[in-house]
Amino acid sequence: MATLDLSQITKRFGKVTAVDDLSVAIENGEFFVILGPSGAGKTTTLKSIAGLVDVDGGSVHIGGVDMTRVEPYHRNVAMAFESYALYPQKTVSENLASPLKSGRTGKYSEAERAERIDQVTTTLGINHLLKRFPRELSNGQRQRVALGRVLVRPADVYLLDEPLSHLDAKLRAAMRAELKQLGAMSNTTTVYVTHDYQEALALGDRIGVLREGRLVQIGTPAELWNRPADTFVARSLGQPEMNLLDGVVDDGVVRLGDGELEVAIPDGLPVSRGDRVRVGMRPCDFHVRGSQVDTSVDVALSGHVVLAERLGRNIELTVDVAGEQLIALTTGRHGVGEGSDAVMSIARSDVHFFAAGDGDTIR
Ligand code: ATP
């Protein structure tokens with residue numbers, strides 16, 4: 001168990017700055033998720049913590065001890081890579097036991113090894129695979145065994161790089177919950193990297209959103225969801241992404257598009273007449289009806305449905321509202337289909353306001 005302090009980490013590869021002045025203090029036992037698109041610097045951040053790359057600047061402290069120049073082997077960090085490396089000539093059981101036999105963890109008795117392996121294999125749902133060889137496993141099973149190899153070894157910090165990426169959707173969802181339990185069970189500090197916002201929201205005690213090597217926001221899932229720092233964070237969370245409409249501040253409202261549409265400005269929002277802003281509305285926050293709504297609590301936007309697509313139990317509507325195309329995710333119980341008129345309503349409290357220039361949340 002240990003705290004993990006990253007202070008002003010910078011890592012460059014030639015002209016590319018993969019990690020850029022990154023700082024975060026991760027608490028003892030915390031499950032911290034780094035969320036970011038491909039190329040944002042997620043893997044390089046993990047490698048900086050593990051000591052697998054030499055950072056160009058900044059420091060890594062584990063349990064208060066400066067590890068910046070310490071060899072990977074002596075950091076007591078366990079890292080799982082996306083590419084699942086297993087010994088092909090060993091069974092699953094032997095693959096899981098080997099990290100407990102070598103090096104600094106070699107002190108475990110056979111009974112202790114058996115107990116740790118049992119704990120991990122139960123959580124990962126791989127008990128029935130113990131006698132198999134890696135070549136006899138599916139990609140998803142292999143990935144779970146590789147994850148098991150990392151988690152079985154006691155470490156101060158676990159670093160997990162997209163560990164669920166090869167699993168199918170159903171297994172991913174099941175594993176998410178189980179992984180969280182495993183983290184809590186072993187009460188260890190974990191940094192978990194993903195580009196999947198659902199995984200981040202489900203697993204993270206806190207999430208750091210990474211963009212071009214920089215952490216643009218750190219917060220709990222609720223904080224990030226309710227108060228995204230900018231349009232990048234807002235669009236990183238949610239699928240379909242948040243609708244963003246350009247507008248201009250007028251008396252008490254933002255006029256959108258060609259000015260026909262307006263959205264009331266909440267009291268105290270620090271904007272002035274003429275300011276250019278972006279208004280954000282999540283597809284899942286819309287209610288869609290054929291008729292009018294209570295505009296004292298809701299913003300109502302009238303439009304015309306141009307596309308209705310069923311996605312499992314939801315229907316995704318593309319609605320033309322005064323020339324702007326808005327996406328709404330609905331249950332489909334409203335009876336509004338392609339070609340219909342629709343009134344989309346959204347609670348005023350669910351409307352987000354961003355500055356037009358840098359996209360920062362206005363607060
Ligand atoms: P992905 O989700 O695609 O794995 P990532 O967020 O993990 O991406 P990194 O692998 O950390 O991103 O890469 C960050 C940037 O650094 C990218 O532009 C990448 O091309 C570059 N990069 C990473 N490793 C090296 C390397 N060894 N040599 C040169 N450039 C590298």
**OP:** Taking only segment 284-307 into account, find how many residues are modelled with pLDDT of 80 or more, under 24 Å from residue 237 (Cβ atoms) and not in a loop (DSSP other than H, G, I, E, B).
**Re:** 7
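Just to verify a result, which residue in segment 326-349, among those that are among the small types (Gly, Ala, Ser) and either touching a Ser or Thr at 6+ places or on another chain (Cβ under 6 Å) or part of a strand (DSSP E or B) (or both), is farthest from residue 243 (Cα to Cα)?
Of the residues in segment 326-349, the ones among the small types (Gly, Ala, Ser) are 328, 332, 335, 337, 339-340, 342, 345, 347, 349.
Right, trim to either touching a Ser or Thr at 6+ places or on another chain (Cβ under 6 Å) or part of a strand (DSSP E or B) (or both) and you get 328, 342, 345, 347.
Details: 328: 9, 342: 17, 345: 14, 347: 15 Å.
Ranking the candidates gives 342 first.
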**OP:** Taking only segment 87-100 into account, find how many residues are in a loop (DSSP other than H, G, I, E, B) and either of a type in the set (S, T, N, Q) or modelled with pLDDT under 90 (or both).
**Re:** 2
**OP:** Return the pairs, sorted by first residue and then second, in which the second residue is more than 7 Å from the ligand (Cβ to nearest atom) and in a strand (DSSP E or B), the first residue lies in segment 34-47 and is under 19 Å from residue 75 (Cα atoms), the beta carbons are less than 6 Å apart, and the residues are 6+ apart or on different chains.
**Re:** 43/161; 44/11; 44/19; 45/19; 46/159; 46/161
**OP:** For residue 86, work out the one condition from (1) in contact with a helix residue (DSSP H, G or I) (Cβ under 7 Å, 6 or more places away or on another chain); (2) within 16 Å of the ligand (Cβ to nearest atom) it doesn't fulfil.
**Re:** (2)
Original post:
If you go through segment 74-83 one residue at a time, how many are touching a residue at least 24 places away in the same chain (Cβ under 8 Å) and within 16 Å of the ligand (Cβ to nearest atom)?
Top reply: 4
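Which one of these is touching a His at 6+ places or on another chain (Cβ under 8 Å) and over 16 Å from residue 27 (Cα atoms): 162, 199, 212, 178?
Residue meeting the stated conditions: 162.
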Subject >> Single residue of 203, 210, 224, 215 found to be free of Cβ contacts under 8 Å to residues at least 60 places away in the same chain and either on the phi < 0 side of the Ramachandran plot or over 11 Å from the mean Cα position of the chain (by Cα) (or both) >> reply: 224
Original post:
How do the pairs read when you match residues in segment 351-363 that are farther than 12 Å from residue 228 by Cα with residues anywhere that are acidic (Asp, Glu) and assigned to a strand (DSSP E or B), using Cβ under 8 Å and keeping only pairs 6 or more apart or on different chains?
Top reply: 356/246; 358/230
Original post:
Scanning for something in contact (Cβ under 8 Å) with a residue 12 or more places away in the chain, of a type in the set (Gly, Ala, Ser) and more than 30 Å from residue 6 (Cα to Cα), does segment 90-97 turn up at least one residue?
Top reply: yes
**OP:** Assess whether residue 157 counts as being buried (at least 24 other Cβ atoms within 10 Å of the Cβ) and within 26 Å of residue 6 (Cα to Cα).
**Re:** yes
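One line per residue, one yes/no per condition, for (1) surrounded by 23 or more Cβ atoms within 10 Å (Cβ to Cβ); (2) within 24 Å of residue 201 (Cα to Cα); (3) under 23 Å from the mean Cα position of the chain (by Cα); (4) at pLDDT 95 or above:
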| position | (1), (2), (3), (4) |
| --- | --- |
| 12 | no, no, no, yes |
| 16 | no, no, no, yes |
| 22 | yes, yes, yes, yes |
| 25 | no, yes, yes, yes |
| 33 | yes, yes, yes, yes |
| 42 | yes, yes, yes, yes |
| 60 | yes, no, yes, yes |
Original post:
Within segment 227-237, is even one residue surrounded by 16 or more Cβ atoms within 10 Å (Cβ to Cβ), of a type in the set (Lys, Arg) and within 16 Å of the ligand (Cβ to nearest atom)?
Top reply: no
Subject >> Out of 27, 71, sole residue that is closer than 27 Å to residue 178 by Cβ and away from the ligand (no atom under 15 Å from the Cβ) >> reply: 27
**OP:** For segment 35-55, indicate whether the set of residues that are assigned to a strand (DSSP E or B) and more than 8 Å from the ligand (Cβ to nearest atom) is non-empty.
**Re:** yes
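The values are calculated or read from the model by the stated rules, or taken from the named source; none is laboratory data. Computed from a predicted model, the values in this text were never measured in an experiment. We place every Cβ from the backbone using ideal geometry, glycine too, and count neighbours over all the protein chains shown.
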